[in-house]
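What follows is a short report on a single structure.
The values are calculated or read from the model by the stated rules, or taken from the named source; none is laboratory data. What you see is a predicted model; the values in this text were computed from it and never measured. Don't worry about glycine lacking a Cβ; one is built from the backbone with ideal geometry, like all the others, and counts go over all protein chains shown.
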Amino acid sequence: MQYKKLWIAFGLIMLISFSVLGGVGYKAINNGPPIPAKVVTTDGRLLFTGETIRDGQNVWQSTGGQEIGTIWGHGAYVAPDWSADYLHRQSEIVLNRWASQKGFSDYRSMTAESRAALQGRLIELTRRNTYDAASDTIVIDADRAAAFDELARYYADVYGKGRDAYAIPAGALSDPAKQHQMATFFWWTAWAASTNRPGQDVTYTQNWPHEELVGNRPTGGTVVWSVISFVLLLAGIGGMVWYFGSQQHRSSPDPMPRRDPLLGLQPTPSQKATVKYFFVVAALWVVQVALGAIAAHYGVEGGGFYGIPLDKWLPYSIARTWHLQIGIFWIATSWLATGLYIVPAVSGVEPKGQRLGVNALFVAVVAVVVGSLAGEWLGIEQKLGNLWFWFGSQGYEYVDLGRVWQVLLFVGLTFWLWLMWRGLKPALTRRDENYSLLMLFLISSIAIPLFYAAGLMYGQRSPLITAEYWRWWVVHLWVEGFFEVFATVVIAFLLTRLKLLSIATATRGVLFSTVIYLSGGIIGTFHHLYFTGTPNAVLALGAIFSAFEVVPLVLIGFEAWENIRLSRGTAESPWISAYKWPIYFFVAVAFWNFLGAGLFGFMINPPIALYYVQGLNLTPVHGHTALFGVYGMLGLGLMLFCLRALRPGLMWKDRPLAIAFWSINIGLGAMVLLSTLPIGLAQAWASVEIGTWYARSSEFLHTPTLTWLRWMRMFGDTIFAFGAIVLGWFVLGLITGHSFDRGARVIEEGEYTPHEPELVHQGD
C-alpha cells in the first residue's frame, strides 16, 4: 500500500488519543466538585438542598445560560462571570461584617495589618473543605450564610429589574422561587472555585478565578506546564521546519491543463439540487452578520440599538444565541452541500433517487434551522414552561438548540452520511488511485454525525462538568477537528478535478496534514477544560498537546503560497482565472489559520495565560479569527467553488467578488485590531493586577476608554457587513443573472471535451 506508513500513523493517533481523552474525561467527570444533598449552617439551619442547586442550574440554562455572562469563564462577555462575581461579593460582605464587629465602617477603612489578619482568616475559612461524603452535606458558617441571603436578593434584583450594563432586560426572570434557585447555583459554582479538593492545596477549579481575597492564585502546575508547552512548541516548529526542508527537493509543481477540465461535463440532477443549499448559506450568513452587530452594540448601549429599545423583542441573550447558532448552521450547510456536490464527481455514478434524497435533506435542514431558532426565542423568553430544554434553549454555548432539534439534526446528519455512502460506494469498490483519498473522505464524513452525537451524552440535570466535557467534544472535535479534515479532503478533490493537483500529491498531502493536526488536536481538547472542575492531569495534557496543535499552523504559509500560485495559472492555462476568487478564499483560510488559530490561539491556550484571560475579550479575538476566519472563509470558498463549477462556461463579474473579499477580510482585521484585541489586553492587565471579577465588572468595562474602544468596533463591523451584503447580492445574482459578465464570451461546452469518463446516471 503506497501510503501505509501514514495510515498506520493515523490509526495509532486515533486509538491512543481517544483512549487518553476518554480515560481522563471519565476521571474528571467522576472527580468533579460534589453537589451535596444539603447545605446547612453551623447552627443546624438548612440553607438549601442539592436539588435546589440542580434546579438553579436549569433556571440559569433556561434564561440563556452561557449567553448571559459566564460560569467558570465559559459563555458571553457583557455580563459578569457569575462565579467570580459571587465569590468577590461574598468575600467583601463577610470581611465587612467582621470589620463592623471591630468598630469599623468597612473592611477597606482598616489598617493594612488589620486587613491582612482578616483576609488570612477568610482564606482559611473559605478554602477549608467542609463537605462530608458520609452525610452528603456541606456545612458553612453563619457569615457566609448571611452573605448568601444578601446576594440572593441582589441577583433577584438583577434579573428581575434588569441591568443595562449587563444587557439584561427587566423581567428576564421574575419568578421569586426561580430567582432563589439560580442564586444557589451561583453559590455552588463559587464554592467549587474557592474550596480545596480533599487532601490538596488547590481548589476544584485549579484556583480559578484570580481572587486575592481568598488566596486564589496560579498553581505551580499552571506555571510549570505553561513553560513546558512553550519549549515543546519551539521543538515542534523546529522539527516541522526540518521535515519540510528535507522534502523540498522532492516537490515539483503539477502540470496544469490548457483548458478547464469541467467544460463539457453536465451537472447531475443531485448536483443541481445542491444549489439551493448555497443560497440558504448566503442568506443565513447575512443574517448572522446583522445579529453579530446587534449583539456587539448591546455591550455599549445595554438594552438599545442606536436608541431603539430592541431588547424588548430581541434581548442580548437571544441575539447572541442566534448569532452563534446561525454561524454553525451556515458553515455546516455549506460543507454538507459541498460533500453532496463532490460525490457524483468523484465516483462517476449518480445513484437512483439521489436528487430526491438531497431535496428531502434540504427540507429537513430548513425545518431544524427555523424550528430551533423559534424555540430558542420562546425558551429564553420563558414561554415554554418545563419544555424549555426539549424545544427551547439548553443554555450551553454553540449547542444551545433544544434537545428535540438536536436529535433531529443528528438524524439529518446521519441521513446525509447515507447519501454520501451510497454515492461513494461504487468508487470505493474500484480501489483505484483515488482509494486512499476516498477512504479519508468517508472517515471524515462518518465523524461528522458521530461527533455531533457527543452533544447528546449529557442530560437536563447533568452536572456542569459533564455537560462541559461533552460540549467541547462538539465544539472542538466536531467543529474544529473533523470538519477541518473533511474540508481538507474536499478541497483536495476540487483541485484534483481541475487537474491542478495530482491524485498522489493530494493524497499524500491530506494524509500527512490530518496526521499532524489530529496528533495534537484530539487531546488538545483539554485546553478548554483547565478550570472546569477537572484534575491536574487535564491541565498537563491540555498544555502539552495545545502546543502541538499550533505547530503545523506556523508553516501554513506554504499552503497559502501554493494556492496563490494555483490561482494565477500560466499563459497556457488562463481559464484558472475564473476560479481566482474561490481560491483566494482558501488563501484567506490559510492566513487566518495562522493568525487566528495559531497566534491568537496560542496566546490564550497556555494554562498561565488562560488563568488570567479566560472569559475575557481575548477569547472572542481567537473565536472570530479562527471560527469565522478559518471555517467561515472556508465555507464561503467552498460555496463559490461549487457554484462556479456548476456553470463553468459562464463568466462571473469579478468586481463584486473582489469588493466582498477584501471588505470581509479588512473588516474582520479592523474589528479585532481596533476593538476586541485592545479591550482584551486591557482586561488581561486588570485581571492580573486586581482579579477576574474586576476585569469583568461594569465599573471597569464602562470606563470612557473601554467604551470608546467598543465604539471603534463599528468601523470594522461596517466594512465587514458591507462585504457580506455584496457577497449575498452576488450569490442572489447567480439566480437573476446580474452577477454574470454578459460582455464576456460564453465558452461553449462542445469546444472542449475533457479526458474524463462520462458520469453514469442510474436515475433521478
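Quick look at the values:
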{"read-out": "Residue that is modelled with the highest pLDDT [pool: residues in region 242-274 that are surrounded by 14 or more Cβ atoms within 10 Å (Cβ to Cβ) and of a type in the set (D, E, K, R)]", "value": "Lys272"}
{"read-out": "From the options Glu549, Glu572, residue that is within 17 Å of Phe591 (Cα to Cα) and at pLDDT below 95", "value": "Glu549"}
{"read-out": "Criterion (at pLDDT below 95, more than 19 Å from Trp581 (Cα to Cα) and not assigned by TED's automatic domain parsing to the domain that holds Asn207) met by exactly one of Leu681, Leu759, Leu732", "value": "Leu759"}
{"read-out": "Qualifying residue in region 208-221 (condition: over 22 Å from Val94 (Cα atoms) and in contact with a helix residue (DSSP H, G or I) (Cβ under 7 Å, 6 or more places away or on another chain))", "value": "yes"}
{"read-out": "Any hit, region 164-175, residues being in contact (Cβ under 8 Å) with a residue 24 or more places away in the chain, touching a Pro at 6+ places or on another chain (Cβ under 6 Å) and not in a helix (DSSP H, G or I)", "value": "yes"}
{"read-out": "Residues of region 158-187 satisfying the condition of being of a type in the set (S, T, N, Q) and crowded, with 20+ Cβ neighbours inside 10 Å", "value": "Gln179, Gln181, Thr184"}
{"read-out": "Filtered residue count, region 144-157, keeping only those that are among the charged types (D, E, K, R), in contact (Cβ under 8 Å) with a residue 12 or more places away in the chain and surrounded by fewer than 19 Cβ atoms within 10 Å (Cβ to Cβ)", "value": "1"}
{"read-out": "Residues (touching a helix residue (DSSP H, G or I) at 6+ places or on another chain (Cβ under 7 Å) and surrounded by fewer than 18 Cβ atoms within 10 Å (Cβ to Cβ)) located in region 436-452", "value": "Ile446"}
{"read-out": "Restricting region 202-225 to residues that are more than 18 Å from Thr532 (Cβ to Cβ) and in contact (Cβ under 8 Å) with a residue 12 or more places away in the chain, the residue that is surrounded by the most Cβ atoms within 10 Å (Cβ to Cβ)", "value": "Val214"}
{"read-out": "Test result for Trp470, of a type outside the set (Gly, Ala, Ser) and either touching a residue at least 24 places away in the same chain (Cβ under 8 Å) or crowded, with 23+ Cβ neighbours inside 10 Å (or both)", "value": "no"}
{"read-out": "So Leu595, is it crowded, with 24+ Cβ neighbours inside 10 Å and either over 14 Å from the mean Cα position of the chain (by Cα) or assigned to a helix (DSSP H, G or I) (or both)", "value": "no"}
{"read-out": "Meets criteria (buried (at least 20 other Cβ atoms within 10 Å of the Cβ) and under 23 Å from Lys27 (Cα atoms)) for Ala190", "value": "yes"}
{"read-out": "Some residue of region 420-431 being in a loop (DSSP other than H, G, I, E, B) and either modelled with pLDDT under 95 or under 23 Å from Pro269 (Cα atoms) (or both)", "value": "yes"}
{"read-out": "Total residues in region 529-549, condition crowded, with 23+ Cβ neighbours inside 10 Å and among the aliphatic types (A, V, I, L, M)", "value": "5"}
{"read-out": "Single condition Leu668 does not satisfy, out of (1) farther than 19 Å from Val613 by Cβ; (2) surrounded by fewer than 24 Cβ atoms within 10 Å (Cβ to Cβ); (3) in contact (Cβ under 8 Å) with a residue 24 or more places away in the chain; (4) of a type outside the set (Ser, Thr, Tyr)", "value": "(2)"}
{"read-out": "Selection count, region 96-116, where residues are out of contact with any Lys or Arg (no Cβ under 8 Å at 6 or more places or on another chain) and either outside the structural domain of Trp187 (by TED's automatic domain parsing) or closer than 15 Å to Glu212 by Cβ (or both)", "value": "2"}
{"read-out": "Residue match in region 78-95 (condition: in contact with a helix residue (DSSP H, G or I) (Cβ under 7 Å, 6 or more places away or on another chain), crowded, with 16+ Cβ neighbours inside 10 Å, on the phi > 0 side of the Ramachandran plot and not aromatic (Phe, Trp, Tyr))", "value": "no"}
{"read-out": "Top-ranked residue in region 496-528 [being of a type outside the set (S, T, N, Q) and farther than 28 Å from Leu21 by Cα; ranked as surrounded by the fewest Cβ atoms within 10 Å (Cβ to Cβ)]", "value": "Ala504"}
{"read-out": "Thr525 vs. criteria closer than 28 Å to Met457 by Cα and assigned to a helix (DSSP H, G or I)", "value": "yes"}
{"read-out": "Residues satisfying the stated conditions in region 183-210, i.e. out of contact with any Leu (no Cβ under 7 Å at 6 or more places or on another chain) and outside any loop (DSSP other than H, G, I, E, B)", "value": "Thr184, Phe185, Phe186, Trp187, Trp188, Thr189, Trp191, Ala192, Asn196, Thr203"}
{"read-out": "Single condition Ala686 does not satisfy, out of (1) closer than 30 Å to Ser194 by Cβ; (2) without any contact (Cβ under 8 Å) to a residue 24 or more places away in the chain; (3) surrounded by fewer than 19 Cβ atoms within 10 Å (Cβ to Cβ)", "value": "(3)"}
{"read-out": "Boolean, Pro315 is closer than 30 Å to Val59 by Cβ, buried (at least 20 other Cβ atoms within 10 Å of the Cβ) and at pLDDT below 95", "value": "yes"}
{"read-out": "Answer residue from region 275-312, given it is more than 26 Å from the chain's Cα centre (by Cα) and part of a loop (DSSP other than H, G, I, E, B) and is surrounded by the most Cβ atoms within 10 Å (Cβ to Cβ) among those", "value": "Gly304"}
{"read-out": "Candidate set: region 690-726, residues that are part of a helix (DSSP H, G or I) and among the hydroxyl-bearing types (Ser, Thr, Tyr); chosen: the one surrounded by the fewest Cβ atoms within 10 Å (Cβ to Cβ)", "value": "Thr705"}
